Structures are given as C-alpha cells and as structure tokens.
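Engineer: This is the structure I have questions about; it appears just below.
The values are calculated or read from the model by the stated rules, or taken from the named source; none is laboratory data. The structure presented is a predicted model; accordingly, all values stated were derived computationally and were not measured. Cβ placement follows ideal geometry from the backbone for every residue including glycine, while neighbour counts extend to all protein chains displayed.
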Amino acid sequence: MDEPNENSHRGVETSTSKLVSGFVAGLSDEHRMLVILKAQLYGGTWEPMLDDLQNRLESKPYIFKLVNRIKDDIERIEQMRKFEEQHNVDLAEYVELS
C-alpha cells in the first residue's frame, strides 16, 4: 500500500481550508460574535457557553426577546460545533477575534 505523499496531504489541507473559509465567509455577525466569545470567555469550547445560555434561559423572570435570542444563539452554536467536529477545525482560528 502506498504512503500518502506530501502533495496529496497538501491537497486535503487546501480543500479543508477552502471549505472552512467558505463556511466562515457565510457566518453572520451573530455567529462571529459567538466564535469570539467561545475563544475569549469560554476556554475555546462550546459546552460551557451552552450551559451558561441554558442556565440563563431557565431563570425566571425573563425578557421574551432575550429568550428568543438565547435560543437562536444555541442553534448557531450547535451548527458551528457540528461543523468544527466534522472538519476537525476551530473556527476561532479563522474568525478575526478583535
């Protein structure tokens, strides 16, 4: 069986980079903000952020608009987390964090 050569490995990296770059280019400002918060406030992982949002969502009383925003953020996080897992990437490496 042949070993993968250096050029074939680069092709996979280039393909993945293009895929991730395309995904990142399609992110809304809300998505980007969540990636920034994940990187800067939640140790680079989604789970603590999701836990925090769920905890806020369950507290009473709450503002209806905020609840809808939290639910939307949870959906955005799930989408981005799935993408990261499928492609073995950290979106924070592709989104400008400033």
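Engineer: Would you mind finding the one in 3, 13 that is loosely packed, with under 11 Cβ neighbours inside 10 Å, at pLDDT below 90 and closer than 24 Å to residue 95 by Cβ?
Structural biologist: That would be 13, the only listed residue that is loosely packed, with under 11 Cβ neighbours inside 10 Å, at pLDDT below 90 and closer than 24 Å to residue 95 by Cβ.
Engineer: Among the residues of the stretch 77-95, are any over 12 Å from the mean Cα position of the chain (by Cα) and either at pLDDT 95 or above or not small (Gly, Ala, Ser) (or both)?
Structural biologist: Scanning the stretch 77-95 turns up no residue that is over 12 Å from the mean Cα position of the chain (by Cα) and either at pLDDT 95 or above or not small (Gly, Ala, Ser) (or both).
Engineer: Under 8 Å by Cβ, and 6 or more places apart or on different chains, what pairs join a residue from the stretch 40-57 that is on the phi < 0 side of the Ramachandran plot with one that is among the basic types (Lys, Arg) and surrounded by fewer than 15 Cβ atoms within 10 Å (Cβ to Cβ)?
Structural biologist: 57/71
Engineer: Among (1) assigned to a helix (DSSP H, G or I); (2) out of contact with any Asp or Glu (no Cβ under 9 Å at 6 or more places or on another chain); (3) at pLDDT 90 or above, where does residue 27 come up short?
Structural biologist: (1)
Engineer: Separate question: For the stretch 40-65, enumerate the residues that are touching a helix residue (DSSP H, G or I) at 6+ places or on another chain (Cβ under 8 Å), modelled with pLDDT under 90 and assigned to a helix (DSSP H, G or I).
Structural biologist: Within the stretch 40-65, 41, 49, 50, 53, 54, 56, 57 qualify.
A quick yes/no check of all residues on (1) farther than 15 Å from residue 84 by Cα; (2) of a type in the set (Gly, Ala, Ser):
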| site | (1), (2) |
| --- | --- |
| 18 | no, no |
| 23 | no, no |
| 28 | yes, yes |
| 32 | no, no |
| 38 | no, no |
| 41 | yes, no |
| 46 | no, no |
| 50 | yes, no |
